[in-house]
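The values are calculated or read from the model by the stated rules, or taken from the named source; none is laboratory data. Because the structure is a prediction, the values reported are computed rather than measured. Backbone-built Cβ (ideal geometry, glycine too); neighbour counts: all protein chains shown.
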């Protein structure tokens with residue numbers, strides 16, 4: 001399992017893996033926003049957490065369609081299917097590796113972008129924390145979409161369309177927790193805990209459904 | 001005589017034979033469509049003869065289309081989820097036909113609910129669209145329908161498409177309560193519920209009767225369309241396999257010659 005984790009991590013970090021492209025995309029999306037809404041710093045600091053979250057959500061979707069496709073093409077997916085370790089575990093490990101390679105860099109890059117958005121320290125910290133907790137959920141949901149579309153030659157766009165509606169709760173609670181940390185009356189803990197609950201919930205549902213989809217599309 | 005007996009339907013699992021299902025559909029469809037038409041005649045008559053609301057005037061009649069369509073949009077997804085269970089658990093051969101046939105119908109009802117809601121919102125709230133919790137979750141449901149249809153269209157092998165979309169339907173079904181709950185949370189956080197209070201005036205029997213009849217009519221319409229769409233899907237698959245067979249035969253003859 002650790003070997004699989006390291007293998008996936010190495011593959012996605014090295015050239016052609018495309019994990020770092022996600023961070024680049026994230027920065028580009030965030031950098032484009034001020035051109036759309038204007039350079040008003042007050043406005044930017046107000047919508048900053050939301051912008052960071054939407055950027056991260058889109059960037060998370062970028063590499064998802066390749067989660068199982070490369071394995072399918074070179075045949076290692078069949079090896080995984082025939083392994084003694086349950087497929088659910090392999091899928092879970094693959095998701096974690098994918099998140100470490102593409103989700104974690106987004107979390108690390110978010111404070112810098114928060115500065116661009118004129119957010120204060122508390123808002124930056126809260127956004128970073130919610131991203132850290134929330135982005136795994138997007139990966140787990142995305143794994144279902146990736147597994148469902150694995151047999152399609154051009155599944156990339158379809159995966160995004162299928163996954164985005166399902167990821168709405170993550171976005172809602174991530175953004176509301178980030179705002180609750182800044183605005184006084186709203187409590188921070190309830191939305192944050194619900195966000196954690198959603199992540200844990202999809203950590204179970206996602207790999208199960210993805211494994212079922214992979215098994216049915218392989219025969 | 002023997003043929004009749006072998007095609008008799010005793011259990012639900014007997015419907016697994018598409019020919020039996022087609023026979024049943026043939027017998028049911030005229031009755032269903034007749035009943036639908038009758039219910040619509042009665043329902044529409046009631047809709048237009050009952051009084052308008054003293055506040056909303058004539059626009060309240062939009063409700064008789066809007067509310068049943070919204071109900072049906074949810075019921076249709078439930079039917080799809082049950083069919084998905086049928087595909088994955090019992091491997092019922094007609095379950096995937098049912099799920100596939102229900103998706104476009106559900107999308108149409110959802111669109112109808114959205115459009116009529118929008119038309120109703122313009123005179124009542126002064127705007128076409130509000131990011132109200134209920135509207136938003138119906139809109140998300142619509143997006144999910146479209147995604148499922150797109151997935152089904154993208155795959156050429158119906159067997160594979162069936163299993164894979166059944167998984168997605170079930171994941172979506174689990175997710176719908178979460179989406180609904182979170183959207184309500186989101187909306188109450190940003191703006192207090194002020195715009196849409198359907199339960200404000202207790203619904204009057206004057207409105208209730210046409211509404212119930214229309215809901216029944218819409219349900220019958222759904223079942224009629226669903227059975228017809230399933231029949232079409234079976235026929236379509238038969239035609240495809242016959243075409244393949246014909247092509248194969250042609251190829252064999254060509255090789256011999």
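Points worth noting:
- Contact map, region B:238-257: residues that are surrounded by 10 or more Cβ atoms within 10 Å (Cβ to Cβ) paired with residues that are in a helix (DSSP H, G or I), Cβ distance under 9 Å, separation 6+ or inter-chain. Pairs shown: B:238/B:18; B:240/B:158.
- Considering each residue of region B:116-133 in turn, none proves to be buried (at least 18 other Cβ atoms within 10 Å of the Cβ) and under 15 Å from the mean Cα position of the chain (by Cα).
- Residue in region B:171-193 that is at pLDDT below 75, away from chain A (no Cβ under 14 Å) and within 30 Å of residue A:191 (Cα to Cα) present: yes
- Filtering region A:196-216 for residues that are assigned to a loop (DSSP other than H, G, I, E, B) and under 26 Å from residue B:139 (Cβ atoms) leaves an empty set.
- Residues (crowded, with 20+ Cβ neighbours inside 10 Å and either at pLDDT below 85 or away from chain A (no Cβ under 14 Å) (or both)) located in region B:100-115: B:100, B:101, B:102, B:105, B:106, B:109, B:113, B:114
- Restricting attention to region B:145-160 and to residues that are free of Cβ contacts under 8 Å to residues at least 40 places away in the same chain and crowded, with 21+ Cβ neighbours inside 10 Å, the residue that is nearest to the other protein chains (Cβ to nearest Cβ) turns out to be B:147.
- Residue A:164 vs. criteria under 14 Å from residue A:60 (Cα atoms) and facing another protein chain (nearest Cβ under 10 Å): yes
- Verdict on residue B:135 being at pLDDT 85 or above and on the phi < 0 side of the Ramachandran plot: no
- Of all residues in region A:179-201, those being surrounded by 18 or more Cβ atoms within 10 Å (Cβ to Cβ) and at the interface with chain B (Cβ under 9 Å from one of its Cβ atoms) number 5.
- Residue in region A:57-66 that is within 23 Å of residue A:121 (Cα to Cα) and either in contact (Cβ under 8 Å) with a residue 24 or more places away in the chain or surrounded by fewer than 18 Cβ atoms within 10 Å (Cβ to Cβ) (or both) present: yes
- Within region B:63-78, one or more residues are within 14 Å of chain A (Cβ to nearest Cβ), farther than 17 Å from residue B:214 by Cα, under 20 Å from the mean Cα position of the chain (by Cα) and touching a residue at least 12 places away in the same chain (Cβ under 8 Å).
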